[in-house]
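Novice: Below are the structure tokens for one structure; questions will follow.
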Amino acid sequence: MLTLTMKIFSTCLLLCISLSAFSADYNILSYGAKADGKTLNTKAIQAAIDQCSEQHGGRVIVPAGAFMSGTIVLKNGVTLFLMERAEIKGSPDSKDYPDQTTPDGKKVAWALIIALNVNHISIAGNGTINGNGAAAAFQLGDDTAPGYKGVRPNIITMVNCADIEILDVHLLNSPHWMETYVRCENLHLKGVQVYNHANLNNDGIDIDSKNVLVEDCTIDSDDDGICLKSDDSKSPCENVTIRNCTVASNCNAIKFGTGSRGGFRNINISNITIHKASQDLFRHWQSHIKFIEQPVTVLAGIAIENVDGGFSDNITINNIYMDDVQTPLFIKFGNRGSLKYKGGVPYVPGHLRNITISNITAMSHSKITSSITGFPGYDVENVQLSNISISTMGNANADEADTRLPENETLYPENRMFGAVLPASGLYIRHVKGISLQNITLQTRNFDARPHIIMDDVSDAQISRLSTEQTEITNATVKLVNCENVTWLNPKVTIAPFPVLTVEGERTKAINITGLDGAKDKIKTLATVPKGVVTVN
């Protein structure tokens, strides 16, 4: 289904490209634009766009030089084409970004470039769009802070548009998010270079749309790198492919959420390199989060967050290399949406299921372990992890291995929402139904007293080809708490006298260990576990 959709999408794009080759060019210099970096060229650029659209489309040419502008509005059939060494520079005055509304009267986010309810549009060329985000008028603080007042423009805001191309442009220093696409269809981003470090809330790319292809892009941002959102309960973010990109971030590199009212469906992410951002002007995680090993880090390499009632299904992530991360994988099914719900029928938390993650290499630099968590009564369902290698910092003591984590299901989801230390060194899995771990390698670079893997309230799980390595063994490789129907194939026996497996919890059922070669003393069963529920073959 997704492949067919992308083929149709690609055909439409080729048609648009072939048609544009026969369209006229409209040079903004012909409409009075001045390339001095000071003159406000909003009216001149808009006049070129308007005439281009009225004449059935074509290219609005931005030649070499610096052109200051406030909000410009793209129209049907227009390609905004920036030549080599061309720059559109955002005005430093907030009054040059007037309110914009959709045809039904809804306000949309301020932006330097806005498109509303139009089709067959593009921004292309090797030039630069500079949001001027460090200007004094835009230094308003964090928009998530209590009492925040003010409005800062994005560089690009597109709402209810179709057949969009963003090709090869350089996007620099937005006052707010770099680019956001809301309820759009048939969106293609290719070769886009994003550098966003002028302000707080500087996301790289935000997508709340369907039928999307993002490829060959480079993102370096202070806030989340590539962020999928779903703020409309009737309009999930779906049919999205992201491939062959490099993402650097001081927050989350690839993120689903936090807005997740509709959910995420048919998402395919592959061939991504993740590393720390080139600047850290605002975050300084090491100074206020405990146990962060490096001064500049990514929060989570991959963050999948379904917390507002959305129905998320069929997420595939493959071939990811990540360094400089605090937490490689953060998957959270939560209940934040219930706090905002005021409807007349019971609130439904939605679901998060059918997640496949494979071929991951990661190096983490904190005690905030990779985690997959639901909340009581609501499981993450059907997760497959395969061919994954994670090297973790380690350095946790025995007390930290006994850490009891709060549920916190209504909190804002972030890797540190459970605290600065998780009780497993490699993977912490809680409230999950149906999980497969195949060919997993977990290494701790320093002494660590925590189990490599903890499963708590997990059912229908299988572990095979698990390899672990650390300098000194002081705890079980795997710890199961109140789990049911768990099979572990061919576990490797660790250094005596510590067990391979610890099992606890009165709700434990049907734990089967196969291929342990008679080393049954490597299984530690606590008194709370009913007799006979653990079998060793």
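The values are calculated or read from the model by the stated rules, or taken from the named source; none is laboratory data. Not measured: the values here are computed from a predicted model. In this analysis, Cβ positions are derived from the backbone assuming ideal geometry, glycine residues included, and neighbour counts consider all displayed protein chains.
Results for (1) part of a strand (DSSP E or B); (2) under 22 Å from Ile272 (Cα atoms); (3) out of contact with any His (no Cβ under 9 Å at 6 or more places or on another chain), shown as yes or no for each residue.
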position	(1), (2), (3)
Gly133	no, no, no
Ala145	no, no, yes
Lys149	no, no, yes
Pro175	no, no, yes
Arg183	yes, no, yes
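Novice: Related question: Across the stretch 379-402, what is the number of residues that are buried (at least 17 other Cβ atoms within 10 Å of the Cβ) and in a loop (DSSP other than H, G, I, E, B)?
Specialist: Count: 5.
Novice: Test of understanding: among Thr468, Thr477, Thr535, Thr528, which residue is β-branched (Val, Ile, Thr), surrounded by fewer than 22 Cβ atoms within 10 Å (Cβ to Cβ) and out of contact with any Gly (no Cβ under 9 Å at 6 or more places or on another chain)?
Specialist: Numbers: Thr468 fails: out of contact with any Gly (no Cβ under 9 Å at 6 or more places or on another chain); Thr477 fails: surrounded by fewer than 22 Cβ atoms within 10 Å (Cβ to Cβ); Thr528 fails: out of contact with any Gly (no Cβ under 9 Å at 6 or more places or on another chain).
Checking each option against the conditions leaves just Thr535.
Novice: Are any of the residues in the stretch 404-415 buried (at least 19 other Cβ atoms within 10 Å of the Cβ) and without any contact (Cβ under 8 Å) to a residue 60 or more places away in the chain?
Specialist: no
Condition check ((1) more than 19 Å from Tyr412 (Cα to Cα); (2) among the hydroxyl-bearing types (Ser, Thr, Tyr); (3) at pLDDT 95 or above) across all residues:
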{"position": "Gly262", "(1), (2), (3)": "no, no, yes"}
{"position": "Asp280", "(1), (2), (3)": "yes, no, yes"}
{"position": "Thr297", "(1), (2), (3)": "yes, yes, yes"}
{"position": "Thr327", "(1), (2), (3)": "no, yes, yes"}
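Novice: The conditions are (1) touching a Lys or Arg at 6+ places or on another chain (Cβ under 9 Å); (2) under 20 Å from Leu437 (Cα atoms); (3) of a type in the set (Ser, Thr, Tyr); (4) at pLDDT 85 or above, and Thr525 fails exactly one of them. Which is it?
Specialist: (2)
Novice: Something else now. For residues in the stretch 314-361 being of a type in the set (Val, Ile, Thr), over 30 Å from His284 (Cα atoms) and more than 16 Å from the chain's Cα centre (by Cα), which is surrounded by the fewest Cβ atoms within 10 Å (Cβ to Cβ)? Spell out how you get there, then give the answer.
Specialist: The initial filter retains those residues of the stretch 314-361 that are of a type in the set (Val, Ile, Thr), namely 315-317, 320, 325, 327, 331, 345, 348, 355-357, 360-361.
Subset that is over 30 Å from His284 (Cα atoms): 315-316, 345, 348, 355-356.
Keeping just the survivors that are more than 16 Å from the chain's Cα centre (by Cα) gives 345, 348.
Numbers: Val345: 6, Val348: 12.
Once the filter is applied, the top-ranked residue is Val345.
Novice: Sort out which residues of the stretch 271-288 are part of a loop (DSSP other than H, G, I, E, B) and surrounded by fewer than 19 Cβ atoms within 10 Å (Cβ to Cβ), and write them in order of number. Reasoning before the result, please.
Specialist: To start, the set of residues in the stretch 271-288 that are part of a loop (DSSP other than H, G, I, E, B) comprises 277-284.
Ser278, Gln279, Asp280, Leu281, Phe282, His284, listed by residue number.
Novice: Would you confirm whether any residue within the stretch 42-50 is without any contact (Cβ under 8 Å) to a residue 40 or more places away in the chain, in contact with a Cys (Cβ under 6 Å, 6 or more places away or on another chain) and over 24 Å from Ala137 (Cβ atoms)?
Specialist: Taking the stretch 42-50 and keeping what is without any contact (Cβ under 8 Å) to a residue 40 or more places away in the chain, we get 43-44, 46-50.
Filter once more, keeping what is in contact with a Cys (Cβ under 6 Å, 6 or more places away or on another chain): none.
No, the stretch 42-50 contains no residue that is without any contact (Cβ under 8 Å) to a residue 40 or more places away in the chain, in contact with a Cys (Cβ under 6 Å, 6 or more places away or on another chain) and over 24 Å from Ala137 (Cβ atoms).
Novice: In the list Asp50, Asp25, which residue meets the criterion of being modelled with pLDDT of 95 or more, part of a strand (DSSP E or B), over 33 Å from the mean Cα position of the chain (by Cα) and over 14 Å from Ile129 (Cα atoms)?
Specialist: On the way: Asp50 fails: part of a strand (DSSP E or B).
Sole residue among the options that is modelled with pLDDT of 95 or more, part of a strand (DSSP E or B), over 33 Å from the mean Cα position of the chain (by Cα) and over 14 Å from Ile129 (Cα atoms): Asp25.
Novice: Here is a follow-up. Condition first: over 22 Å from Lys229 (Cα atoms), buried (at least 19 other Cβ atoms within 10 Å of the Cβ) and touching a strand residue (DSSP E or B) at 6+ places or on another chain (Cβ under 8 Å). Can you find one or more residues in the stretch 97-113 that meet it?
Specialist: Within the stretch 97-113, one or more residues are over 22 Å from Lys229 (Cα atoms), buried (at least 19 other Cβ atoms within 10 Å of the Cβ) and touching a strand residue (DSSP E or B) at 6+ places or on another chain (Cβ under 8 Å).
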